[in-house]
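Chemist: Okay, here's the structure, questions in a sec.
The values are calculated or read from the model by the stated rules, or taken from the named source; none is laboratory data. Predicted model only: the values in this text are computed from it and were never measured. We place every Cβ from the backbone using ideal geometry, glycine too, and count neighbours over all the protein chains shown. Only protein heavy atoms, including side chains, enter the accessible area calculation; ligands, DNA and RNA are left aside. Shrake-Rupley method; radii C 1.70, N 1.55, O 1.52, S 1.80 Å.
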Amino acid sequence: MELLNRKAYPAVCLEILEELEERLPKHLTYHTVGHTIDVANICNHYIDYYMVADSVAELIRIAAIGHDFGYIYGPREHEEKSITELQPKLQGTYSKRQIEVINGMIRATKVPQRPQNIYEEILADADLDYLGRPDYYKLSGGLYTEFEHFGVVSNEREWLEVQIKFLEAHHYHTDWAIRERVAGKKQVLSELREKARKLASSH
């Protein structure tokens, strides 16, 4: 996947991406560099849509590229790990306040999502944008494999239960995602319920 509008990203973003390429564990099949770039590209779209000022757009881009940096160390509390590990890369270039804004956006991707402002809403919705997209099955297939690796689920029935619960509890925050992604997400949810029903009746 290609990072769109690459020239708009500060140097630190490209450094983080390089480090992710080198250091992300190979058993990750969803939380990959591809996912990071996908989230960044969606944020890029939101930046245009909401006509976000350049100074804030830069912080959104850093949060998008850095939001899963903690996966280098493992899935547990990876948002806080991302925040901790990014600090030395940001200090000296960005003010304490700017870093706090970035940290808030990264925390907003933690499930259940509780964004506190529009910028955090953008990150939260971009991170789960795929739930309402045609490529949901392709991407969620990678998540299924990853969940199996970590022992979160052990078969398709458990996976469907987890996904159905997750989709039922999830809601989008921005007006754009509500307009453009909710219908797709509802469609996915009804298809998953149907799959689960068929699976249950075949046993």
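Chemist: Which of the helices (runs of 4 or more DSSP H) found entirely inside the stretch 90-203 contain at least 1 residues meeting this: open to solvent by less than 70 Å² (accessible area, probe 1.4 Å), among the small types (Gly, Ala, Ser) and modelled with pLDDT of 95 or more? First the steps, then the outcome.
Modeler: Values: elements: 96-107, 118-127, 136-150, 156-169, 175-201.
Hits in the stretch 90-203: 96-107, 118-127, 136-150, 175-201.
Chemist: With the structure loaded, tell me whether GLU19 is open to solvent by 50 Å² or more (accessible area, probe 1.4 Å) and over 27 Å from PHE166 (Cα atoms) or whether it fails that test. Full working, then the answer.
Modeler: Working: open to solvent by 50 Å² or more (accessible area, probe 1.4 Å): no; over 27 Å from PHE166 (Cα atoms): yes.
No, not satisfied.
Chemist: I would also like to ask the following. How many residues are among the charged types (D, E, K, R) and more than 19 Å from the chain's Cα centre (by Cα) if we restrict to the stretch 49-67? Steps first, answer last, please.
Modeler: Our first condition is that a residue be among the charged types (D, E, K, R); within the stretch 49-67, this holds for 54, 58, 61.
When the remaining residues are screened for being more than 19 Å from the chain's Cα centre (by Cα), the result is 54.
Qualifying residue count for the region: 1.
Chemist: Let me ask you something else. If I go through the stretch 68-100 residue by residue, how many of them are closer than 24 Å to TYR46 by Cα, under 17 Å from the mean Cα position of the chain (by Cα) and β-branched (Val, Ile, Thr)?
Modeler: 1
Chemist: If you don't mind, there's one more thing I want to ask. Quick test for you: out of HIS78, HIS35, HIS45, pick the one residue that is open to solvent by 10 Å² or more (accessible area, probe 1.4 Å), over 21 Å from ALA177 (Cα atoms) and in contact with a helix residue (DSSP H, G or I) (Cβ under 9 Å, 6 or more places away or on another chain).
Modeler: HIS78
Chemist: Continuing with this model, one more query. For the stretch 144-184, give me each residue that is of a type in the set (Gly, Ala, Ser) and without any contact (Cβ under 8 Å) to a residue 12 or more places away in the chain. Can you show your working first?
Modeler: Taking the stretch 144-184 and keeping what is of a type in the set (Gly, Ala, Ser), we get 151, 154, 169, 177, 183-184.
Answer for the stretch 144-184, where residues must be of a type in the set (Gly, Ala, Ser) and without any contact (Cβ under 8 Å) to a residue 12 or more places away in the chain: GLY151, SER154.
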